[in-house]
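Following: one structure in structure tokens, then a few remarks.
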Amino acid sequence: RVMNHSLENIRAEFPVLAQNIKNAKPFAFLDSTATTQKPMTVIQVMHDFYTKHYSSVKRGVYQSSEKTTQAFEKARKEIASFINATSENEIVFTSGTTASINLVAWSYGRKFLQPGDEILISALEHHANIVPWQLIAEEKGALLRVIPVDDQANLVLEKIPELLTEKTKIVAITHISNVTGTVNPIKEIIQTVRNFSKNAKILIDAAQSIAHQKIDVQELDCDFLAFSGHKMYGPTGIGVLFGKYELLESMPPLFGGGEMIKSVSFEKTTFAAPPARFEAGTPPIAEVIGLGEAVKWLKEIGLDNIHRKESGILEYAISQFSEIPEIHILGNPKERGALLSITLEGIHAHDAAMILDEENIAVRSGHHCAEPVMKRFNIPATLRFSFGVYSEKWEIDRALIALKRVIRLFK
Ligand code: PLP
């Protein structure tokens with residue numbers, strides 16, 4: 001296990017980045033916003049679990065099951081400390097950000113929303129933080145309101161007080177936009193919501209921030225925080241919903257089944273306390289253990305170091321792309337996360353992405369599960385470049401050469 005990580009050589013910890021060579025060209029992976037690659041330690045821990053210790057959790061008194069239960073719960077503690085939750089009981093395992101947001105919508109929303117209540121989201125949301133609210137709003141007769149975004153891709157914060165009423169029950173905002181990279185000032189937004197609305201509960205979609213900057217849920221004072229393992233160097237199929245304990249306690253279960261009950265009879269079933277109440281059925285055990293390892297790994301490297309490295313790459317990409325007149329960078333937010341979207345004059349993003357793929361450069365093209373953002377900026381799609389701790393300048397250089405080729409080809 002690597003203990004002394006060097007940021008310069010961190011790429012060596014990622015097997016995929018070393019192996020994926022096409023036409024003798026190394027893999028330029030510029031799609032970490034979609035998902036991150038996995039360091040060897042995460043792969044190894046999951047491999048060890050399946051090959052050496054595999055058994056179920058919380059269901060056996062035999063030794064390997066007890067050991068598995070301990071490793072599983074240790075991961076929960078690791079994650080709680082990573083976001084400074086007051087207790088590991090505030091950490092609910094889900095299958096990802098989408099499931100975490102849906103859990104709040106279908107449990108908290110279904111119990112507490114009344115006809116005429118309001119849900120406030122922003123114009124920069126991923127579909128995962130729009131559609132669940134639309135569905136529950138329709139079922140409950142609630143209204144969806146939207147904080148607008150300006151031409152630079154900053155949310156129009158001055159509008160927030162006007163959009164809050166005593167009927168606002170839920171405010172759900174992304175920390176970092178997966179399209180424009182806008183880092184929303186969530187601390188300021190949360191304070192504004194607290195000042196103008198007594199009833200609103202606040203959910204932060206941290207899918208795009210959790211692996212890039214330190215998040216302290218107590219300092220932020222958010223009620224819920226949702227994120228995915230696969231975007232933070234961990235496995236797919238696992239995510240987290242953080243919720244303040246008294247809120248989780250007030251919420252009914254969404255799924256019924258094994259391990260979420262206190263007692264079951266045909267007359268009356270009572271439910272376990274959170275987080276077990278929301279974790280019906282056999283959980284993704286290896287994935288939880290893998291996520292625990294990813295969090296340990298992130299802590300060892302340090303989010304401040306990661307942020308510094310990624311900011312350097314981002315600045316370099318912006319300076320290089322800005323020199324090409326045919327490249328338009330979408331938005332100019334006050335603070336930008338480790339990603340940027342561009343459009344190319346007269347060239348569709350998919351065409352460009354295919355040419356980049358010929359050069360073994362992985363980027364994302366399309367609407368990025370955020371169609372309202374495309375509509376707001378009046379574009380069909382963008383080409384998105386996104387970075388992780390392993391990103392290097394040569395990847396930007398290669399992308400730039402390929403983009404110049406695209407421009408020559410399609411002009
Ligand atoms: N929210 C944001 C801002 C995202 O970027 C994503 C994924 O791209 C999601 C939510 C959904 O995450 P998942 O697909 O892991 O549930």
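Taking the full set of protein chains and a 1.4 angstrom probe, give the accessible area of V61 in square angstrom, rounded to the nearest 10. Roughly 130 Å² of V61 is accessible to a 1.4 Å probe. You can think of it this way: the chain between K198 and L157 has 12.9 nm of extra reach, that is 0.36 nm per residue less the Cα-Cα gap. Computed over every Cα-Cα pair of region 310-369 and binned at 5 Å starting from 0, the pair-distance distribution P(r) comes out as 4, 15, 24, 28, 22, 6, 1 percent. Principal semi-axes of the equivalent ellipsoid, √(5λ) from the alpha carbon gyration tensor of region 148-240, are 24, 16, 11 Å from largest down. Here the chain carries DSSP beta bridges of which approximately 60% are antiparallel, counting only pairs with both residues inside. Considering only T269, L291, G312, the residue lying farthest towards the positive end of the dipole of region 269-342 is T269, judged by Cα position with unit charges set on Cβ. When the pairs K169/K375; K214/K244; K111/K268; K187/K244; K111/K231; K52/K74 are compared against a 25 Å limit on Cα-Cα distance, K169/K375; K111/K231 fall above it. Only Lys, Arg, Asp and Glu carry charge here, each on its Cβ (+1 for the first two, -1 for the last two); on that basis region 266-387 has a dipole of about 600 debye about its Cα centre. Normalised by 2.2 N^0.38 Å, where N is the number of residues, the alpha-carbon radius of gyration of region 252-407 equals 1.50.
With kT/(6 pi eta Rh) evaluated at 37 °C and eta = 0.692 mPa s, and Rh the Kirkwood radius from Cα pairs, region 206-245 diffuses with a coefficient of 309 µm²/s according to Stokes-Einstein.
Counted over region 177-286 with a bin width of 10 Å, the fraction of Cα pairs per bin, in whole percents, is 12, 35, 32, 17, 4, 0. Note on region 1-159: along the principal axes its Cα atoms extend 55, 52, 29 Å, ordered by decreasing extent.
Mind checking Rg over Rh on region 169-212, alpha carbons, Kirkwood formula for Rh?
Using Cα coordinates only, the ratio equals 1.01.
Taking the square roots of five times each eigenvalue of the Cα gyration tensor of the chain, the equivalent ellipsoid has semi-axes of 36, 29, 17 Å, listed largest first. Classify region 92-131 from the C-alpha gyration tensor, please: rounded if a/c falls under 1.5, else prolate or oblate depending on whether a/b exceeds b/c. It comes out oblate by the Cα gyration axes. Spherically averaged projected area of the convex hull of Cα atoms, region 91-173: 5.9 nm².
Simple spin-label estimate for D216 and A34 gives 3.6 nm between the two label positions (7 Å along the Cα-to-Cβ direction from each Cα).
Would you calculate, for the chain, the mean residue ellipticity at 222 nm contributed by helices, counting each DSSP H stretch of 4 or more residues as -39,500 (n - 2.57) and dividing by all residues, to the nearest 500?
The helix-only estimate for the chain comes to -10500 deg cm²/dmol at 222 nm.
Kirkwood's formula applied to the C-alpha pairs of region 34-123 gives a hydrodynamic radius of 16.4 angstrom.
Taking R0 as 56 Å, what FRET efficiency do you get between H350 and L247 from their Cβ-Cβ distance, rounded to the nearest 0.05?
Result of the calculation: an efficiency of 0.85.
For region 265-299, the set of trypsin sites (Lys or Arg not before Pro) satisfying both a DSSP loop assignment and a count of at most 11 other C-beta atoms within 10 Å is given as K268. Computed packing ranks the peptides 281-287, 88-94, 368-374 as 88-94, 368-374, 281-287, most packed first, by mean other Cβ atoms within 10 Å. Using 0.36 nm per residue and subtracting the Cα-Cα separation, the extra length available between F410 and S56 on full extension is 121.9 nm. Taking a straight Cα-Cα cut-off under 16 Å and skipping sequence neighbours fewer than 8 places away in the same chain, the aspartates and glutamates within cross-link reach of K22 are D357, E358, E359, E395. Every pair of different Cα atoms in region 319-404 enters the Kirkwood calculation, which places the hydrodynamic radius at 13.4 Å.
The values are calculated or read from the model by the stated rules, or taken from the named source; none is laboratory data. As the structure is a computational prediction, the values presented were derived from the model and not from experiment. Here Cβ is always computed from backbone atoms with ideal geometry, including for glycine, and neighbour counts include all displayed protein chains. When the accessible area is computed, the model is the full protein with side chains, heavy atoms only, and any ligands, DNA or RNA have been set aside. Shrake-Rupley method; radii C 1.70, N 1.55, O 1.52, S 1.80 Å.
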